Amino acid sequence: MSISDKTRKVLWGRSGNRCAICKNELVIDATEQNDESVVADECHIISSSPNGPRHDPSYPIEKLDSYDNMMLLCRTHHKMVDDQSATFTTDILRQMKSNHEVWVSQKLAEGHKSQPVRLRRVKQNIPAFLSRLTTGKEVLDLVTNAMAYSFDHEELKSQEEVDLVGGFLQVVQDWGELSADLETSDRVQTAYSLTESLQELEQAGFFVFGGREVRLLEGGIQPEPSNWPIAILRVFRKDNQAIIHVNLDKMDEKDAQQPSANDSSPAGRVRNA
């Protein structure tokens, strides 16, 4: 299982883009040189790992990634509550979460900001085209620090294709969840493994395309909207007529041409429908 987009939106909305302990903002604005930085963790109160903090074997598996078992913390306080799990028990963390959400509501009321929290799309932030991804590093860079995922694929024709495509997309999302905490050596190994997965998909007749859209999270207690980056992945068959072959020496759309069914050129893109 994994955390759903709906659960994320509710968690971030009710938490007001603030750590439940220190109240600091959790999305740092982009600079001229770099994208925005997400300094938050969507934390499990009860760990799913048998050796994890506050693990409870009687807790229903289907609720581990539910809103009731999640809280939003900065990375410093996430490490603190997990390292000191005897102090920060399940009941204490749930009470802290509840108190924080009451605090957010009160701050909104004090500032007369009664507008609901929502995600707003910005036309200029929607990629017109998705580029073909040929390396695991490109895939990992795409999902790193993404707040949500938009994954899709063509109609699949066999259980083998279901297992191959579904397994790839799930692995990519799982690594996206962990990407911010990966050490350098782990990122290198993960990128290598994802490259192997891309090659396996290509051998089975599929190409992978990706892009990134930044939406705006509005509302909450911050005066300005926060960026909400979304990683987009699409899996297409090689012979899909939506694929546009790109001449790398002539990147204008008027110079693009349709590939043949057996065209395996790494330079390609599809429209972001």
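Summary of computed values
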item	result
Enumeration of residues in region 216-243 that are farther than 18 Å from A148 by Cα and modelled with pLDDT of 80 or more	F236, R237, K238, D239, N240, Q241, A242, I243
Yes/no for Q173 being among the polar types (S, T, N, Q), modelled with pLDDT under 95 and in contact with a helix residue (DSSP H, G or I) (Cβ under 9 Å, 6 or more places away or on another chain)	yes
Subset of region 116-174 that is of a type in the set (D, E) and in contact with a Lys or Arg (Cβ under 8 Å, 6 or more places away or on another chain) - its residue that is surrounded by the most Cβ atoms within 10 Å (Cβ to Cβ)	E154
Qualifying residue in region 155-170 (condition: under 26 Å from V39 (Cα atoms) and under 19 Å from the mean Cα position of the chain (by Cα))	yes
One residue from P225, P229 being more than 18 Å from the chain's Cα centre (by Cα) and within 21 Å of K6 (Cβ to Cβ)	P225
Pick from region 31-63, criterion within 30 Å of Q106 (Cβ to Cβ) and assigned to a loop (DSSP other than H, G, I, E, B), ranking: farthest from the chain's Cα centre (by Cα)	R54
Residue match in region 82-89 (condition: small (G, A, S), surrounded by fewer than 19 Cβ atoms within 10 Å (Cβ to Cβ) and more than 18 Å from I230 (Cβ to Cβ))	yes
The lone exception for K79 - which of (1) more than 25 Å from T190 (Cβ to Cβ); (2) in a helix (DSSP H, G or I) it fails	(1)
Which listed residue, of T190, T184, is surrounded by fewer than 17 Cβ atoms within 10 Å (Cβ to Cβ) and either modelled with pLDDT under 90 or within 20 Å of E42 (Cβ to Cβ) (or both)	T184
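The values are calculated or read from the model by the stated rules, or taken from the named source; none is laboratory data. Keep in mind the model is a prediction, meaning the values are calculated, not measured. All Cβ positions, glycine included, derive from the backbone under ideal geometry; neighbour counts span all protein chains shown.
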